[in-house]
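The structure appears below as structure tokens.
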Amino acid sequence: MPVYEFRCESDHLHERVLPIAAEERTAPCPDCGGTSRRLISAPGLSRLATAQARAISAAEDSAHAPAVVDRVPGAGDRRPARITRDPRHARLPRP
Ligand SMILES: [Zn+2]
């Protein structure tokens, strides 16, 4: 179940675990007893599995700091492995 944040008029912040279908927009403040309103906040991505969190972080990083390479990945001084032995394929255009 997701964690929702609530803030009251006295600026107390607290969290509640509610079903995702819950429509509670207000809750009593545990500190002052006043009415607190549900906030729109970022999801808790740190609760994802490590591999998922790493993938999301890498995707976010690539938007503003893409990885820099100094050569085409896979290219080098070695020739690519032959996939076919059909001589007609040798005449096909190369990229
Ligand atoms: Zn309060």
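Computed from the coordinates by the stated procedures, all read-outs in this text should not be read as laboratory data. All of these numbers come straight from a predicted model, not from anything done at the bench. Cβ placement follows ideal geometry from the backbone for every residue including glycine, while neighbour counts extend to all protein chains displayed.
Table for the structure above
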{"item": "Packing-based order for 55-67, 18-30, using average beta carbon neighbours within 10 Å, highest first", "result": "18-30, 55-67"}
{"item": "Between 0 and 90°, nearest 10: helix 50-64 axis offset from the chain longest Cα axis", "result": "80"}
{"item": "Computed helical MRE - 222 nm, the chain, DSSP H runs ≥ 4 contributing -39500 (n - 2.57), nearest 500", "result": "-5000 deg cm²/dmol"}
{"item": "Largest-first ellipsoid semi-axes for the stretch 1-62, taking √(5λ) over the Cα gyration tensor eigenvalues, angstrom", "result": "30, 12, 9"}
